[in-house]
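Have a look at the structure below before the remarks.
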Amino acid sequence: MAQQTFDLYQRVAKLPAGKRIFSLLYSVKAPYFATVRPLVREVRPNYAELSIRNRKRVHNHIGTLHAIAVCNGLEAAMGLVAEATCPADKRWLPRGLQVSYLAKSTTDLLCIAETDPAQWAATPGDVDIKVKAVRTDGVVVVEGVIPVYVTEKPKKA
């Protein structure tokens, strides 16, 4: 399954408006991501980035992007890294979300997820995917780690 998402990205991203089309398809596959309308910008093994817009629909009571909306964008980026990086004979499952809120999310955000290739080579086991959300002025507003557990895929009978 993992390679299918990355393969689709590689094929669709080449088309006119391909990244926008892929972003919509990704939100259909994981409908909760549609709440932040991610725009996938880049996906490659060990790295993914997408942007989320600062829209009133995902604001909190003080008029900034809600912390959980930001985490939703970060989790979407993490999923793309895992899909692009996880070996074909393995599967992954997030174990949690550990983030620090560092500044107000007052602009559109770039959500970045990245991993160390050596961690994937040491699986089965845990892989820590580093995530961060960056405002348009370069200020990191949220950073953290999403640990994923990587196991062998079950053998088909």
Q) Using the heavy atoms of the protein chains alone and a 1.4 angstrom probe, what is the accessible area of the chain per residue in square angstrom? A) 54 Å²
Q | Computed accessible area, residue 47, all protein chains, 1.4 angstrom probe, square angstrom | A | 40 Å²
Q) Using a 1.4 angstrom probe with every protein chain in place, what is the largest-first accessible-area order of 65, 110? A) 110, 65
Q: Report, to the nearest whole %, how much of the accessible area of region 63-157 belongs to carbon and sulfur atoms, 1.4 Å probe, protein only.
A: 54 percent
Q: Compute log10 of I(q)/I(0) for the chain with the Debye formula, placing one identical point scatterer on every Cα and leaving out solvent, at q = 0.08, 0.19, 0.21 Å⁻¹, to two decimals.
A: -0.22, -1.15, -1.34
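The values are calculated or read from the model by the stated rules, or taken from the named source; none is laboratory data. Quantities reported herein were computed from a predicted structural model and do not represent experimental measurements. Calculation scope for accessible area: heavy atoms of the full protein, side chains included, ligands and nucleic acids excluded. Shrake-Rupley method; radii C 1.70, N 1.55, O 1.52, S 1.80 Å.
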